[in-house]
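A short write-up of the structure that comes next.
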Amino acid sequence: MPLRVKYNVYRLSFFFLLILCFLQANFIFKKRAEVDKKTEDVKKLKHLYNKLKKSFLQLNTNRFYNLSHVIIPFHIKQYKTLVSNIKKWFEYMPCSKDDFYNKNTPKLIFFVGYTEESSVKHLNYRLSDLMPYFRCFSNRYTIDLVKFKLLKKVDNHVLGARLMFEFMLRKKNILFKDCTYIFYMEPDCIPIRLNWIDALQKEIGFSDFWMKGAMFRGKFENKINKYMPNKYHINGNAIYNIGDQKFVDFYFKILRPYIQRHYDSITAYDTDFSEFFFDVKNYDYVKMIIHKFAFTEVIQNLWHLNYSVREVP
């Protein structure tokens, strides 16, 4: 082989070798870049995970509650029953210990009816003795008390309870101004399960109801009581959306005028709703709002019934 041709072959071989080396080096650099990119991606994912984990922990310890208030209406004569109820909160705590100091938990309002000023003179101080039971409420260090004076002629369960409910619904007191979804909890409405505030909150969820509660769970004895709303009404111990002005307007502009024309003072405020719903003359209106009234198993009406706490669903 001539020397020049042999030299050219060497040059060509060397050139191809350089190309191969370049391609190999470029491949190695790309692989390294991919590894570096994956490493960087892993770091970013770890950072994002830690950030989300922190946010979740903060969310879990500072949950937001749609349930803004638990309101306890009672007559001053029921004070002993009220105390007995609240002391049950030690066994059936309203919330988990994680929520003891959660600033977003509901507020607690005591709403007392009375006729004599002397009977409620030192009520704030008496209620303050119960503060250790209020750890699940955002106003745990204060006693929010609304006093409602009743005339003796309306100092009874039907009229007095109605007037107090309507006073609350109209938000006549400043303590009611921020109320949205509230649980109206009379002294004889007792907890039988732990974390009942959370249970009530779950019942609200993303719903848009006006009233949610329980119907009577006893036996239907038609011979004894033919008054149907007593059987099918939502008991007054219920969750109400008093933050919705449409509900307030319905009550005062539609429901109350109807009740006053037909049954005024005969029925309690909670059975008034069923009186209105059961009248076929109201059908066209009722069909547009009936979805705003719901039943739940979380609250149960076991009035005058013998029951076992363990057997209650």
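The values are calculated or read from the model by the stated rules, or taken from the named source; none is laboratory data. Please read these numbers as outputs of a predicted model, since none were measured by experiment. Heads up, the Cβs are rebuilt from the backbone with ideal geometry, glycines too, and the neighbour counts pull from every protein chain shown. For the accessible areas, the whole protein counts, side chains as well, though only heavy atoms, and no ligand, DNA or RNA atoms are used. Shrake-Rupley method; radii C 1.70, N 1.55, O 1.52, S 1.80 Å.
Answer yes or no: is there a residue in segment 275-289 that is assigned to a helix (DSSP H, G or I), of a type in the set (Lys, Arg) and within 27 Å of the chain's Cα centre (by Cα).
Yes, segment 275-289 contains at least one residue that is assigned to a helix (DSSP H, G or I), of a type in the set (Lys, Arg) and within 27 Å of the chain's Cα centre (by Cα).
If a residue has to be closer than 20 Å to Val309 by Cβ, among the hydrophobic types (A, V, I, L, M, F, W, C) and out of contact with any Asp or Glu (no Cβ under 8 Å at 6 or more places or on another chain) to count, how many in segment 84-107 make the cut?
The total comes to 4.
Is at least one residue of segment 60-81 charged (D, E, K, R), out of contact with any Pro (no Cβ under 8 Å at 6 or more places or on another chain) and at pLDDT 65 or above?
The answer is yes; a qualifying residue exists.
For segment 234-268, give me each residue that is open to solvent by less than 10 Å² (accessible area, probe 1.4 Å) and either touching a Cys at 6+ places or on another chain (Cβ under 6 Å) or under 23 Å from Ser207 (Cβ atoms) (or both).
Hits for segment 234-268 are Gly236, Ala238, Ile239, Tyr240, Ile242, Phe247, Phe250, Tyr251, Leu255.
Identify all residues within segment 136-176 that are touching a Cys at 6+ places or on another chain (Cβ under 8 Å) and more than 22 Å from Phe252 (Cα to Cα); write none if there are none.
Hit for segment 136-176 is Cys136, nothing else.
Within segment 69-119, take every residue that is among the small types (Gly, Ala, Ser) and surrounded by fewer than 20 Cβ atoms within 10 Å (Cβ to Cβ) and give me the one that is farthest from Phe167 (Cα to Cα).
Applying the filter and picking the extreme gives Ser96.
Residue by residue through segment 127-153, note down the ones that are charged (D, E, K, R) and exposed (fewer than 13 other Cβ atoms within 10 Å of the Cβ).
Once the filter is applied, which keeps residues that are charged (D, E, K, R) and exposed (fewer than 13 other Cβ atoms within 10 Å of the Cβ), segment 127-153 yields Asp129, Lys149, Lys152, Lys153.
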